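**Q** Please read through the structure below; I'll follow up with questions.
The values are calculated or read from the model by the stated rules, or taken from the named source; none is laboratory data. Everything numeric in this text was worked out from a predicted model, so none of it was measured. Cβ: placed from backbone, ideal geometry, glycine included. Neighbour counts: every protein chain shown. Areas reflect the complete protein model, heavy atoms only, side chains present, ligands, DNA and RNA absent. Shrake-Rupley method; radii C 1.70, N 1.55, O 1.52, S 1.80 Å.
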Amino acid sequence: VIADGQNVILSTPQVACTIFIWPIFKKQVIIPSINLKAPYIFLERRPDNSFNLQDFFTPQVPAKKSDFSVAVFKLTITDGNLVFLDDALGAKFKKEIKNIQLSLQLGLPVKLKFNLSAQLVNQPPVFINASGEYKILSRELTANLSFKDLSTSELSAYYRDLGDLVSGLINLQAQVDLKNKILQVNLTAQGDNLIFAKDNLKAKLNTSLQ
């Protein structure tokens, strides 16, 4: 169990890993892979737009140099469950994501690569896929994201007027680029049987936007 004093950040009933023994004689611990089975993860976006998990990947200056170095090259999650809390919106926004399958290639402290599939708990469930690379020291992100059967109501916390105007399911694909604190997103959206409503007017459309 890993906690920050207020919340449990990570807990898992089962952990499997491999360790190379021979580097220990050189005061090195090399762990090629760690697999977390059915973990619980708590992810929070703070009011300053930072995330609680960043604290675990930000390099820390040790008070005293350790005699041993530890290197982990891969982290996998199977059948994971994540609770996301967004505190940056004024009103708290909370969602649950289940069936998380994640492969994380670690090149710490420089970068990490990820490949993810999961389901956002909803009716119907929203299928999520994501892949990309995050450069830790420069805080640069490149990623491809997709959401299938996403209800427009799920976006109302971020686009308040949208929930009153549009209802239905959409498929989203996004290319994300974060560099020099500038976020660029190329977004493609496709919707079937979307209902646009304003005052006493309603329209039912199939649409594609880019």
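**Q** If you go through the range 139-184 one residue at a time, how many are among the aliphatic types (A, V, I, L, M), exposed (fewer than 13 other Cβ atoms within 10 Å of the Cβ) and modelled with pLDDT of 90 or more?
**A** Adding up the residues that qualify gives 1.
**Q** Let me ask you something else. Anything in the range 119-138 that is at pLDDT 95 or above and open to solvent by 50 Å² or more (accessible area, probe 1.4 Å)? List them, or say none.
**A** Phe127, Asn129
**Q** Quick one: in the range 89-112, of everything that is touching a Ser or Thr at 6+ places or on another chain (Cβ under 9 Å) and under 27 Å from Asp149 (Cβ atoms), which residue is surrounded by the fewest Cβ atoms within 10 Å (Cβ to Cβ)?
**A** Gln101
**Q** For the subset of the range 64-102 comprising residues that are touching a strand residue (DSSP E or B) at 6+ places or on another chain (Cβ under 7 Å) and polar (S, T, N, Q), which member is nearest to Phe25 (Cα to Cα)?
**A** Ser69
**Q** Okay, moving on. So, of the residues in the range 1-33 that are open to solvent by less than 40 Å² (accessible area, probe 1.4 Å), out of contact with any Lys or Arg (no Cβ under 7 Å at 6 or more places or on another chain) and not β-branched (Val, Ile, Thr), which turns out to be modelled with the highest pLDDT?
**A** Taking the candidates together, the pick is Ser11.
**Q** While we're on this one: Would you say Leu36 is in contact with a Gly (Cβ under 8 Å, 6 or more places away or on another chain), of a type outside the set (Gly, Ala, Ser) and either open to solvent by 40 Å² or more (accessible area, probe 1.4 Å) or within 28 Å of Gln6 (Cα to Cα) (or both)?
**A** yes
**Q** Sticking with this one: Please go through the range 15-28 and give me each residue that is of a type outside the set (Lys, Arg) and over 29 Å from Asn81 (Cβ atoms), ordered by number.
**A** Selection gives Phe20, Ile21, Trp22, Pro23, Ile24, Phe25, Gln28.
**Q** Let me ask something additional. Of the residues Val110, Val72, Val83, only one is out of contact with any helix residue (DSSP H, G or I) (no Cβ under 6 Å at 6 or more places or on another chain), modelled with pLDDT of 80 or more, closer than 18 Å to Ser11 by Cα and aliphatic (A, V, I, L, M); which?
**A** Unique residue meeting the criteria: Val83.
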